[in-house]
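Student: Quick one: structure below, then a few questions.
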Amino acid sequence: MKLKKADRKKQLLAAALTLYENGGAEAATLSGVARAAGVSQALVTKHFKTREEMLNQILRAAIKTERRKAVLIGYLTGHPVAVKAPAYVLEAARHAVF
């Protein structure tokens, strides 16, 4: 099934995140993402030139999600909330290349 570019990237990031959460940075490879998503490795490399780029995008997406949660909780409760990063975000930060 042909997906729009943005939808395909979301699919690939979700597959990469699942691999990362289950096996750490070593498990999140471009070929592993291709297998998990049921696509070719060539398609994965169209979206991520390197494994490091993919890991950076996982980290950025996770941080953005945590910030959104904190803002929403702060808004609903009337109290600002500090963003506490999940363990996989902290682990990804160790491997990130910004």
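The values are calculated or read from the model by the stated rules, or taken from the named source; none is laboratory data. Model, not experiment: these values are computed from the prediction. Note that each Cβ is placed from the backbone with ideal geometry, even for glycine, and that neighbours are counted across all protein chains shown.
Student: Under the condition of being β-branched (V, I, T) and either modelled with pLDDT of 70 or more or not in a loop (DSSP other than H, G, I, E, B) (or both), which residue from the stretch 68-98 is surrounded by the most Cβ atoms within 10 Å (Cβ to Cβ)?
Tutor: Quick first cut of the stretch 68-98, residues β-branched (V, I, T) only: 71, 73, 77, 81, 83, 89, 97.
Going one step further and asking which of them are either modelled with pLDDT of 70 or more or not in a loop (DSSP other than H, G, I, E, B) (or both), we end up with 71, 73, 77, 89.
Working: V71: 13, I73: 13, T77: 9, V89: 19.
Among residues in the stretch 68-98 that are β-branched (V, I, T) and either modelled with pLDDT of 70 or more or not in a loop (DSSP other than H, G, I, E, B) (or both), the one surrounded by the most Cβ atoms within 10 Å (Cβ to Cβ) is V89.
Student: Still on this structure: Which of the residues spanning the stretch 6-51 are without any contact (Cβ under 8 Å) to a residue 60 or more places away in the chain and in contact with a His (Cβ under 8 Å, 6 or more places away or on another chain)? Don't jump to the end; show me each part of the working.
Tutor: First, pick out the residues of the stretch 6-51 that are without any contact (Cβ under 8 Å) to a residue 60 or more places away in the chain: 6-16, 18-19, 22-23, 26-51.
Passing the criteria: R8, K9, L12.
Yes/no per residue for (1) modelled with pLDDT of 85 or more; (2) more than 9 Å from the chain's Cα centre (by Cα); (3) in a helix (DSSP H, G or I); (4) surrounded by 13 or more Cβ atoms within 10 Å (Cβ to Cβ):
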{"position": "R8", "(1), (2), (3), (4)": "yes, yes, yes, yes"}
{"position": "L13", "(1), (2), (3), (4)": "yes, no, yes, yes"}
{"position": "L17", "(1), (2), (3), (4)": "yes, no, yes, yes"}
{"position": "A36", "(1), (2), (3), (4)": "yes, yes, yes, yes"}
{"position": "K49", "(1), (2), (3), (4)": "yes, yes, no, no"}
{"position": "E66", "(1), (2), (3), (4)": "no, yes, yes, yes"}
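Student: For the list (1) surrounded by fewer than 17 Cβ atoms within 10 Å (Cβ to Cβ); (2) part of a helix (DSSP H, G or I), I need the number of the one condition that E26 fails.
Tutor: (2)
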